[in-house]
Amino acid sequence: MGDSRFDASTGLAFSLVLFEKYRKNGLLHAELHHVPHIPGYCRGYLQLVEGKVTSCYVEEKNGQRHLVSKQTLIDVDEKRGPFDWSLQPLPAPPSPTLFTSILSGKTEEKQPPTPQRIALLELDQLTGWSNTQRRLLATVYAAIDGRRTLEEIKQIVPLPPHITDEVLRTLLALSVIRINQKR
């Protein structure tokens with residue numbers, strides 16, 4: 001997948017609003033300068049999942065990475081930019097229709113679908129997310145043990161089923177879980 005450039009002359013903040021509206025996925029990056037506490041030039045990165053910023057960092061020329069806030073990158077862009085941002089697309093998250101068909105049992109599976117953890121959920125990396133959103137993700141993620149089915153998870157998690165479904169979709173989009181479909 002190639003880079004796709006976009007005109008951020010209206011500002012990174014405005015562009016991020018559009019990415020959220022259109023639920024874009026990808027890694028947004030640009031060469032920056034004058035980032036607080038970073039000497040010289042560096043590359044700024046914002047990871048987007050369904051339009052939400054899940055991670056922000058800068059990488060120095062020597063490869064050293066530093067977590068920064070989304071607001072820091074917006075401020076640098078407003079004061080020193082605009083910079084030439086590129087969006088490297090990431091795979092789209094699973095479609096809600098497919099997920100709904102799995103949840104409702106409308107697939108040809110003999111055994112119910114079972115979520116499994118495939119990566120750590122690093123809440124501190126989700127810089128654009130509220131504490132409530134992080135808590136929801138952590139609650140559902142903690143219930144996933146590789147043995148419980150989707151229905152069992154929805155029964156034990158103290159959230160309404162539609163919220164649990166949305167959190168599961170988000171965990172899939174973050175690539176920290178997968179749904180095993182045994183035949």
Given the residues Tyr41, Tyr22, Tyr45, which is the only one that is at pLDDT 80 or above and touching a Phe, Trp or Tyr at 6+ places or on another chain (Cβ under 9 Å)? Tyr45
Name the single residue that is nearest to Leu171 (Cα to Cα) among those in the range 23-81 being out of contact with any helix residue (DSSP H, G or I) (no Cβ under 6 Å at 6 or more places or on another chain) and among the small types (Gly, Ala, Ser). Gly26
Any idea which residue in the range 26-50 is surrounded by the most Cβ atoms within 10 Å (Cβ to Cβ), counting only those that are farther than 23 Å from Arg80 by Cα and under 8 Å from the mean Cα position of the chain (by Cα)? Val49
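With the condition being surrounded by 14 or more Cβ atoms within 10 Å (Cβ to Cβ) and modelled with pLDDT under 85, I'd like the strands (runs of 3 or more DSSP E) fully within the range 55-168 carrying at least 2 qualifying residues.
Strands (runs of 3 or more DSSP E) meeting the threshold: 86-89.
The values are calculated or read from the model by the stated rules, or taken from the named source; none is laboratory data. Quick caveat: nothing in here was measured; it's all calculated off a predicted structure. All Cβ positions, even for glycine, are placed from backbone atoms using ideal geometry, and neighbour counts span all protein chains on display.
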